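Each remark here refers to the structure printed beneath this line.
The values are calculated or read from the model by the stated rules, or taken from the named source; none is laboratory data. Not measured: the values here are computed from a predicted model. FYI the Cβ positions are ideal-geometry reconstructions off the backbone, even for glycines, and counts take in every protein chain you see. All accessible areas refer to the heavy atoms of the entire protein, side chains included, with ligands and DNA or RNA removed. Shrake-Rupley method; radii C 1.70, N 1.55, O 1.52, S 1.80 Å.
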Amino acid sequence: MSNENNNTISFYETGKGIFSWIFTLDHKRIALLYLYSVATFFLVGATLGILMRLELLSPGSDLMHAKTYNQIFTLHGVIMIFLFIIPSIPAVFGNFFLPIMIGTDDVAFPKLNLLSWWLYIIGAMFALSTLLFGDGPADTGWTFYAPYSVKTGTNVSMAVLAAFILGFSSILTGLNFIVTIHRLRLPGMGWFQMPLFPWALYATSWIQVLATPIIGITLLMIIAERVIGIGLFDPALGGDPILYQHLFWIYSHPAVYIMALPAMGIVSELIPTFSHRTIFGYKAIAYSSMAIAFIGYFVWGHHMFTSGMSGDARVIFSVLTFLVAVPSAIKVFNWVATLYKGSIELKTPMLYALAFIFQFLIGGLTGLVNGALATDIHLHDTYFVVGHFHYVMFGGTGFAFIGALHYWFPKIYGKMYNEKIAKTGFTFLFTGFNILYFTMLILGIKGMPRRYYDYLPEFQPLHVIATVGSWILFTGLIIIIVNLIRSKRKGPAAPRNPWGGVTLEWQVPSPPPLQNFDKKPILSKKGPYDFK
Amino acid sequence: MFSNSSNFVQGVDLSFAVILGISVIFLVGVTFVMIWFVIKYSRKRNPKASQIEGNNKLEIIWTVIPTILVLIMFYYGWMGYKPMREIPENGLKIKTYAQMWSWSFEYPNGKVSDTLVVPVDEPVILDLNSRDVIHSLYIPAFRIKEDVVPGKNNKMWFIGQETGNYNILCAEYCGDRHSYMLSKVVVVPEAEYTKWYNDTVSSDPPGLAVMKKNACLSCHSLDGSRIVGPSFAGLWNKEETILSAGKERKIIVDDEYIKKSLYNPGDDVVKGYPQGVMISYKNNITDKEITMIIEYLKTLKH
Ligand SMILES: [Cu+2]
């Protein structure tokens, strides 16, 4: 035991004081910096969402002016997309667990890792600074469509600059993970001995690295147009607004998979652990991640079916959109098959995984309704789209994030959370979520356009239901957060492997020491999900 | 669903039915199996899990079947959509203008209306033009929508098959009053339409008619209330504080100033109002029309 003593104090005890955190090179500490930052922004974004729902409780002007409402939905989108969802799972759980799951002590470039967090914080500050000067935060929607974004007097340039910086942060994380996975896997761990969460991160990272530069340039073009008036997108200056939409979605559609793939990776971990059996169709799930990442590059046009694209282009983008659904369906089947003849424990993380499957299915199937030409013409830019992407982003990724937080909570903090309260929180969240967003699907089918400050009276009953749903959802969030904070302080100590998991993070102490492994990790010859 | 208010409704609603039908079966099926497994193979009932690693036959089945299903969905979506792009040669051609935040429809005889009045059972072709940013013309009851993109001449068409009033909404976010950018399609019998169409004498004073045609009134009120721009009530000869290139100064509203407001709205901006919202009307409004506007503004007292 003599060579282990250095390795047994947890990474919390290896340095004290704020500087030991904000300038740390330890992937686990950086992960926690990210966790507290993204969680804060998530709560800010959620509060903005609640405000929007309150304004929409009755038609007419209630709480705020139209312009304020428009700024709020823009800020809600910018925060949730760029400051929460995109970094969420990779930067928090990827940073913390990728090195451990592949049996190494850190990511390939710890300094770049720290830099990426700092860029994130700087980008976030830029985004929030729009509140403080001039005409206030951008009122364009998170899509910054030209030429409105060129004409409006609000602080679009600053918001766009923030997104640009955040893009760099995301590229650095992706780059780091790709190199880490290629170079630092435990000797003896081949590609197909790697758990599925690292696989999902690997596919995600390629999208981050390859697609993000495009949005970077595009956003700079908006600034150039606003500040020096060169005509790129505004026809009044000789530009083309449709060009902007192409460039924007060439990034932002693949970005949907930056948000979804890591969540699928999480679910692929939760289901085997709580079913106590090996994953069904390991290779099918791994390959389908790569297939999604690849096909996902070629479907951006489905955001533009009504923009006046040529008829042929619309047909091609529609077919491809349907095809990208197939690998997602394959994953769902394999997850469900993993339940077959398992020995299933319905612990809180498992509830999130099952809710993920249900909600992600609704998100995916409503995506097909949007991907079909005839129906999309009717539904484009309505609440149906808003409902659809919240099912994917929140019902999918958001739920996976919270599930992962419960799953790895004992490992991260060395404490158990309170199971009963966690389940109560889940119940509220699940109920509120579905009331809120399913109602939006119906509103959309009935022809309620999105980004509407006010609406025709016939839509009111459904808006009331949605708003009530938002209250239930928010209650759930509060219960969940309070429970986790209390458990971190007062929860009982967690063992190394509370759930009976088999991936490598369950072989290290809870919380892990600075170097992660206190003894040589044991790799099963039969692959990452060997439950025997 | 399954009304017949436009020639597209049935095709679109059929694809809705097919896609939603398959989706619901799929969702219910998977969810049911999931819950069934969770109950049947719970830790209590099945303490020892079987380690099944996969099954290639199943993988192939659940790759091929969904592929076929999605292609079926795609096909119905395409078929429901195809007629929307097959714009007929002949039909009632209406030049449609979108601007922040109103619609105007210009008929072949020069008549301009803010509601879209059309004869029943006749193809109507809308030639879409935007005067500022992107808007989107959406008629939910007809299941159609097309973006109105500045600098681009998109087209859409439909046949109104049942008389009645239907909402027109703007579906592409376009600024403060986006949610008020509403209008109506009014589908009327042929005879009624002809009567409406030929009634071109307007009871409005000429200046007001010019302003209605150019949708000034979606931003400026006539009664003193604030919409987006300053009200026109009592504007003539008023003392106004304006910002010229950031500097504040006071002016009296006169011919020169109004002309400048219309042709170069960015030069002098009324204090307390946003810059860049009002576009330049250099190419849309003639000197003569400006004189008409001014004559009309003179008549508007507080
Ligand atoms: Cu509009």
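Kirkwood radius, the range A:41-149, all distinct C-alpha pairs, inverse of mean reciprocal distance: 16.0 Å. Peptide A:239-245 shows a mean partner chain C-beta count of 3 within 10 Å per residue C-beta.
The distance from the alpha carbon centre of the range B:226-292 to that of the range B:154-192 is 31 Å, rounded to a whole number.
Working from Cα pairs under 8 Å separated by at least six residues, relative contact order for the range A:214-255 is 39 percent. Convex hull volume of the Cα atoms of the range B:1-130, normalised per residue: 196 Å³. Taking Lys and Arg as +1 and Asp and Glu as -1, the other residues whose beta-carbon sits under 13 Å from that of A:E55 total +1.
Near B:Q161: Cβ cut-off under 15 Å, other residues only, Lys/Arg at +1 and Asp/Glu at -1. The net charge is -4.
In the assembled protein chains, A:R451 presents an accessible area of approximately 30 Å² (probe radius 1.4 Å). What the phi angles of the range A:155-171 give under the Karplus curve with 6.51, -1.76 and 1.60, with θ = phi - 60°, is a coupling list of 6, 5, 4, 5, 4, 5, 4, 4, 4, 4, 5, 4, x, 4, 4, 5, 4 Hz, glycine and proline written as x.
Across the range A:487-532, Cα-Cα pairs more than 16 Å apart make up 47 percent of the total.
Given the -39500 (n - 2.57) contribution per DSSP H run of 4+ residues, what per-residue ellipticity at 222 nm results for chain A, rounded to the nearest 500 deg cm²/dmol? For chain A, the value works out to -21500 deg cm²/dmol.
Here the range A:10-105 is treated as an ellipsoid with the same Cα gyration tensor; its semi-axes, largest first and in whole Å, are 38, 14, 9.
Heavy-atom accessible surface of the protein assembly as shown, averaged per residue, reaches 38 Å², computed with a 1.4 Å probe. Extent along the principal axes, Cα only, for the range B:93-205: 38, 36, 24 Å, with the longest axis given first. Computed from Cα atoms, the angle from the helix A:282-295 axis to the main principal axis of chain A rounds to 30 degrees. For the cross-link pairs A:K341/A:K520; B:K259/B:K301; A:K111/A:K520, the ones whose C-alpha atoms lie over 23 Å apart are A:K341/A:K520; A:K111/A:K520. Per-residue packing, averaged as other Cβ atoms within 10 Å, sorts the ranges A:257-265, B:216-224 into the order A:257-265, B:216-224, beginning with the highest. The value obtained for the range A:3-507, namely the Cα convex hull volume divided by the number of residues, is 147 Å³ per residue.
Rounded to the nearest 10 square angstrom, B:K82 shows an accessible area of 80 square angstrom against a 1.4 Å probe.
A simple count of charges around A:G136, restricted to other residues whose Cβ falls under 14 Å of its Cβ and scoring Lys, Arg +1 and Asp, Glu -1, yields -2. Per-residue shielding of B:33-41, expressed as the average number of other chain Cβ atoms within 10 Å of the residue Cβ, stands at 6.
With the highest mean first, a sort of the peptides B:69-78, B:33-42, B:48-57, A:39-48 on other beta-carbon atoms found within 10 angstrom per residue produces B:69-78, A:39-48, B:33-42, B:48-57. Can you grab the distance from the C-alpha centre of the range A:413-477 to the C-alpha centre of the range A:259-278, Å, no decimals? Each part's Cα centre sits 25 Å from the other's. Evaluated over the Cα positions of the range A:166-291, the convex hull gives a direction-averaged projected area, one quarter of its surface, of 9.3 nm².
Relative to the dominant Cα principal axis of chain A, helix A:241-275 is inclined by about 30°.
Across the range B:67-126, the fraction of Cα-Cα pairs farther apart than 17 Å, rounded to a whole number, is 57%. As a length-normalised measure over Cα pairs under 8 Å and 6 or more apart, the relative contact order of chain B settles at 14 percent. Let me see the pair-distance distribution of the range B:9-85: every alpha carbon pair, 5 Å bin width, integer percents in order. Each 5 Å bin holds this share of Cα pairs: 3, 12, 14, 16, 15, 12, 9, 7, 5, 3, 2, 1.
Across all Cα pairs in the range B:206-297, the calculated P(r) in 5 Å bins from zero up to the longest distance comes to 3, 13, 25, 31, 20, 7, 1, 0 percent per bin.
In order along the range A:464-480, phi translates into HN-Hα couplings of 5, 4, 4, 5, 4, x, 5, 5, 4, 4, 5, 4, x, 4, 5, 4, 4 Hz, rounded to whole numbers, per the Karplus curve 6.51 cos²θ - 1.76 cosθ + 1.60 with θ = phi - 60° and x for Gly and Pro. With one equal scatterer per alpha carbon and no solvent term, the Debye-computed log10 I(q)/I(0) for chain B at 0.06, 0.10, 0.11 1/Å reads -0.35, -0.71, -0.80.
When both the range A:144-161 and the range B:57-72 are represented by their alpha-carbon centers, they are found 44 Å apart. Taking the average, over residues, of other Cβ atoms within 10 Å as the packing measure, peptides A:188-195, A:119-126 rank A:119-126, A:188-195 from highest down. The 3J(HN,Hα) values that the Karplus relation (6.51, -1.76, 1.60; θ = phi - 60°) gives for the range A:504-509 are, in residue order, 4, 4, 7, 8, 9, x Hz. Gly and Pro appear as x. Computed from the C-alpha gyration tensor, the three semi-axes of the ellipsoid equivalent to the range A:220-315 are 40, 16, 8 Å, from longest to shortest. Each Cα pair under 8 Å and six or more residues apart adds its sequence gap; the mean of these over the residue count of the range B:206-297 is a relative contact order of 30 percent.
Membrane-span-like helices in chain B, defined here as complete DSSP H runs extending at least 15 Å along the helix axis by their C-alpha atoms with mean Kyte-Doolittle hydropathy no lower than -0.5, are B:9-40, B:56-85, B:287-298; this is a sequence and geometry rule, not a statement about a membrane.
Across A:I217, A:I89, the residue with the most accessible area heads the list, and the full order at a 1.4 Å probe is A:I217, A:I89.
For the peptide A:273-283, the mean number of other protein chain Cβ atoms found within 10 angstrom of a residue's Cβ is 5.
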